[in-house]
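Q: Got a structure here, written out as structure tokens. Questions coming.
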Amino acid sequence: MLKFRGGAFLAAIAVIAPAAFLCGEQALHSENLPKDNSVNYIDSVSVTSSRVPVTLSRSARIVSVLDSAAIASLPAVSVNDILKTMAGVDVRQRGDMGAQTDISVRGGSSDQVAIFLNGINISDPQTGHNAVDLPVDLKDIDRIEILSGPAGVSYGSSSLLGALNIVTKKPEGTKLSARAAGGSFGFADAGVSFGAATGNVTSSVSASYLRSDGFSRNQAGGLNADYNAVKAFYQGSWTHPEIVLDWSAGISSRDFGSNTFYSPKFDDQFEHTLKTFVSVSARTDGVVKFRPSVYWNHSRDRFELVRGNPEAVPYNHHRTNVFGVNLNAWVETVIGKTAFGAEVRNEDIISTNLGETLKNPKPVPGYDVTYAKGLNRTNISFFLEHTYEIGGFSANAGVAAVKNTGNEDGFRFYPGVNASMRFASDWKAYLSYNSSLRMPTFTDLYYSVGGHLADKNLKAEKMQAIEGGLRYSRRGVNAVLSVYYNMGSDMIDWIKDEADGPDAVWKSVNYTKVNTFGQEIDVRLDFRNILLREEFFLRTLDLSYSHISQDKKETPGIYSRYSLEYVRHKFVAKAGIHFWKGLCLDASWRWVDRNGSYEVYENLASTGEIVKLKPYSVLDARLYWTGSFCREKDRHYTVYVEANNLTGKEYFDHGNIPQPGIVVKAGMSVDLGF
């Protein structure tokens, strides 16, 4: 049944709406529509595809970039929702609004993608399931950079199959923004942000709240997919002719009903996560340009297999601390740009069930239990990279040397070579070879409860990849084609073997080798730039397709949680339509065909039936009106209504976990410049 909770939403609108009409201006004209994700704008963006800062147009690797205008146009409340519209990205949901979502690329798992915030590694060594639990709100994000394929030289270890870099906005002048929304299943969303730039100092702060009753109920009729999240983020910078300092801090707290997320035998699971993040970085100019940074990531996780009942099944408590120091430097000479540096990253966990037995157990605050297990490991890496450009040719080659105290290996070397050539003015060809590794997460190594058996002797995963591609770019048209072949060894997966009998458990294992052949194509048309007509009704059209095939096939009687449940085919179509003045519609449709099968459960018991995951298609849309008041002071408002899964399609990303039907939301946002 469709529910709409409007009290909190209407109250917030009552506060925000009067400000929206202080000056009584008319609706925003088409020439003042929000900046679109045009080819020329994106090409000038500096991206992190190598250790040396480089614009997208000069990058020797293919990088996908979503800017803030493209993000704002999508019917989304989380980064997960945004990434659903990328053909080469796999988003597997276990709940609405990103309550628990796995993000992966090119047939991998959520553990095999490194997550960065403003170039700082915030990847979670406990588990990739919570990797995109970010302290930043969507309104904070300037752009999202996606580098697919191994990135050991550019992003270090853990970037086995790619990296995601989220870049936040820096304030220009003084600006206040606020928003409120409400919708189906008791959905409510509110946020506020403030930024100011005075002299050589900039500061911005934001806070947001998101909640929902959830779209499902347990057998007893209680909430089991509800969601509450609070986020806050602060960043600042100080600019001097010889140095720039940047600092940031963030916190994210989430409570969410986990439905049957981790076991179909229990329908009232629950999880609480708390993450904090602090970083300081600097940039210097001179003959040698230094880019040092230091960061601390802290997280707490409490998982309840039976919600609110530790007597039935004890809770799992985890506390993780990650400290990192990174020094990047580069120098430019007549033979190009040479980058070098090192990083030391210490990962520490204490837990009720992950790790080795602690000599001195520590109490879990607020609970009559102790952290009895723990593990500490340090990753040390060095890198060297050289970039050379001449005319339309760009190339870089480098190597990363990596050692982790979590295994007995010495330093291992992971090289990368990338080249691109621009020709016929509008075309660019790419060719690359890259490699990387990933250490097992603490969950991979030690999670041996609730029908799971982990192997603490798992090896690190290794990946090598060859990729080639073409890009066509001119006014209003951007098209990219890429073909790649990934060669993975010691790949980690959780499997269940029927040969182990009716009480078979899920075991973490190293597959010997998994090779993947894939193709991706993405085409973007900006008709306002093509036709040079601001009033043309079809503003943008995006079409993208990805295909993957693996040489490791399903074995009868053996079920895979990750490695063999990859997206074979994914097609995405997005359109931006301008009706009149500030009235616009943005729609996104995706078709997903996933490899894999699962054992069907009904009433929390297995039926013994094995079925394959079925292809599905989902349509999302947002209708909005953007207006202006006091235009000379950059003051705007937007009122919108949006729907996810507009056709009410029943579909599964994971077996036995149906996704919500149609979800309708409505809201308003205000931006006030001073």
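Q: Grab the beta carbon distance between Asn346 and His272, set R0 = 25 Å, and tell me the FRET efficiency rounded to 0.05.
A: The value I calculate is 0.50.
Q: Using DSSP to define loop residues, name the GluC sites (Glu not before Pro) in the range 366-414 whose beta-carbon has at most 12 other beta-carbon atoms within 10 Å.
A: Answer in residue order: Glu408.
Q: Give me the three principal axis extents of the range 257-368 from the C-alpha atoms, as integers in angstrom, largest value leading.
A: Answer, in whole Å and largest first: 68, 34, 22 Å.
Q: Tell me the carbon and sulfur percent of the accessible area for the range 485-605, rounded to whole percent, probe radius 1.4 Å.
A: Carbon-and-sulfur percentage of accessible area, whole number: 59.
Q: Please provide three numbers in whole Å: the alpha-carbon extents of the range 266-324 along the principal axes, with the largest listed first.
A: Between the extreme Cα coordinates on each principal axis of the range 266-324 lie 64, 17, 12 Å.
Q: For the range 344-387, which whole-number percentage of the solvent-accessible area (1.4 Å probe, protein heavy atoms only) is attributable to carbon and sulfur atoms?
A: With neighbouring chains kept in place, the figure for the range 344-387 is 60 percent.
Q: Accessible area per residue of the chain at 1.4 Å probe, in Å²?
A: Averaged over the residues of the chain, the accessible area is 40 Å².
Q: Would you kindly give the portion of the calculated P(r) for the range 513-597 that falls above 21 Å, as a percent of all Cα pairs?
A: 49 percent
Q: If you take the beta carbon distance between His240 and Ile390 as r and set R0 to 25 Å, what does 1/(1 + (r/R0)^6) give as a FRET efficiency, to the nearest 0.05? All intermediate terms of the calculation are to be shown ahead of the outcome.
A: Details: r = 33 Å, r/R0 = 1.34.
Approximately 0.15, to the nearest 0.05.
Q: Given an 8 Å cut-off on Cα distances and at least 6 residues of separation, report the relative contact order of the range 172-238 as a percent.
A: This gives 28 percent for the range 172-238.
Q: Can you give the calculated 222 nm mean residue ellipticity of the chain, where each DSSP H run of n ≥ 4 adds -39,500 (n - 2.57) and the sum is split over every residue, rounded to the nearest 500 deg cm²/dmol?
A: -1500 deg cm²/dmol
Q: Taking the inverse of the average 1/r across all pairs of different Cα atoms in the range 316-392, what Kirkwood radius in Å do you get? Don't jump to the answer; show the numbers that get you there.
A: Working: mean 1/r = 0.0638 Å⁻¹.
Kirkwood hydrodynamic radius for the range 316-392: 15.7 Å.
Q: Let me spell out the model: positive unit charges on the Cβ of Lys and Arg, negative unit charges on the Cβ of Asp and Glu, origin at the Cα centre of the range 140-270. What dipole size does that give, in debye rounded to 20?
A: Dipole magnitude for the range 140-270 comes out near 140 debye.
Q: Roughly how many debye, to the nearest 20, is the charge dipole of the chain about its Cα centre, given +1 on each Lys and Arg Cβ, -1 on each Asp and Glu Cβ, and no other charges? Let's see the in-between values first.
A: Working: 70 positive and 72 negative charges, 200 e Å.
Dipole about the Cα centre, nearest 20: 960 debye.
Q: Which residue, Ser597, His636, Ser560, has the largest displacement toward the positive end of the dipole of the range 502-636 when charges sit on each Cβ (Lys, Arg +1; Asp, Glu -1)?
A: Final value for the positive-end residue is His636.
Q: Reported to two decimal places, what Rg/Rh ratio describes the range 564-622 when computed on Cα atoms with Rh from the Kirkwood expression?
A: On the way: Rg = 18.0 Å, Rh = 14.3 Å.
Computed over Cα atoms, the ratio is 1.26.
Q: Moving to a separate point now. Evaluate the relative contact order of the range 502-640 (contact order divided by residue number), counting alpha-carbon pairs under 8 angstrom at least 6 apart; express in whole percent.
A: Working: 256 pairs, mean separation 23.3, N = 139.
RCO, the range 502-640: 17 percent.
Q: Ok, one more. Remind me, relative contact order of the chain in percent, using alpha carbon pairs under 8 angstrom and six or more residues apart?
A: Taking the mean separation of contacting Cα pairs over the length of the chain, I get 13 percent.
Q: To one decimal place, what orientation-averaged projected area in nm² is obtained for the convex hull of the Cα set of the chain?
A: 29.1 nm²
Q: Once the mean 1/r over all distinct Cα pairs of the range 371-462 is inverted, what Kirkwood radius in angstroms do you read off?
A: That comes to 16.4 Å for the range 371-462.
Q: Assign one of three labels to the range 113-156, namely rounded, prolate or oblate, based on the Cα gyration tensor with a ≥ b ≥ c the square roots of its eigenvalues; rounded applies when a/c is under 1.5, prolate when it is not and a/b is larger than b/c, and oblate otherwise.
A: Details: a/c = 2.09, a/b = 1.22, b/c = 1.72.
Oblate, since a/c reaches 1.5 and b/c is not below a/b.
Q: Radius of gyration and Dmax for the range 544-674's Cα atoms, expressed in Å?
A: Spelled out, the Cα radius of gyration and Dmax of the range 544-674 are 21.1, 67 Å.
Q: If you average the C-alpha positions of the range 525-554 and of the range 207-278 separately, how far apart do those two centres end up, in angstrom?
A: 31 Å
Q: Please state the charge dipole magnitude for the range 336-477, taken about the Cα centre, from unit charges on C-beta atoms (+1 on K and R, -1 on D and E), reported in debye and rounded to the nearest 20.
A: Computed charge dipole of the range 336-477: roughly 400 debye.
Q: Continuing with this model, one more query. If eta is 1.306 mPa s and T is 10 °C, what Stokes-Einstein diffusion coefficient results for the range 394-516, Kirkwood Rh from Cα pairs, in µm²/s? Display every interim value, and only then the final one.
A: Working: Rh = 17.5 Å.
Using the Kirkwood radius from Cα pairs, D works out to 91 µm²/s.
Q: Something else: For Phe323 and Leu541, compute 0.36 nm times the residue count separating them, minus their Cα-Cα distance, and round to one decimal in nm.
A: Length gained, Phe323 through Leu541: 74.2 nm.
Q: Once you have a ≥ b ≥ c as the square roots of the Cα gyration tensor eigenvalues for the range 86-197, tell me rounded if a/c is under 1.5, and otherwise prolate or oblate according to whether a/b is larger than b/c. Intermediate results must be reported in sequence, preceding the final value.
A: Values: a/c = 2.51, a/b = 1.34, b/c = 1.87.
Note, shape of the range 86-197 comes out oblate.
Q: Let me ask something additional. For an R0 of 30 angstrom, estimate the FRET efficiency from the Cβ-Cβ distance between Val201 and Trp296 and round to the nearest 0.05. Working shown, then result.
A: On the way: r = 23 Å, r/R0 = 0.77.
The pair Val201/Trp296 has a calculated efficiency of 0.85.
Q: When the Debye formula is applied to the Cα atoms of the range 51-133, each taken as the same point scatterer, what base-10 log of I(q)/I(0) results at q = 0.23, 0.25 Å⁻¹?
A: Calculated log10 I(q)/I(0) at the listed q: -1.31, -1.40.
Q: By per-residue mean of other Cβ atoms within 10 Å, what is the highest-first order of 120-128, 572-580, 352-360?
A: Result, highest mean Cβ count within 10 Å first: 120-128, 572-580, 352-360.
The values are calculated or read from the model by the stated rules, or taken from the named source; none is laboratory data. Here the structure is a predicted model, which is why all the values come from computation and not from measurement. Glycine gets a Cβ as well: all are built from the backbone with ideal geometry, and neighbour counts include every protein chain shown. The area values use the complete protein model at the heavy-atom level, side chains included, leaving out ligands, DNA and RNA. Shrake-Rupley method; radii C 1.70, N 1.55, O 1.52, S 1.80 Å.
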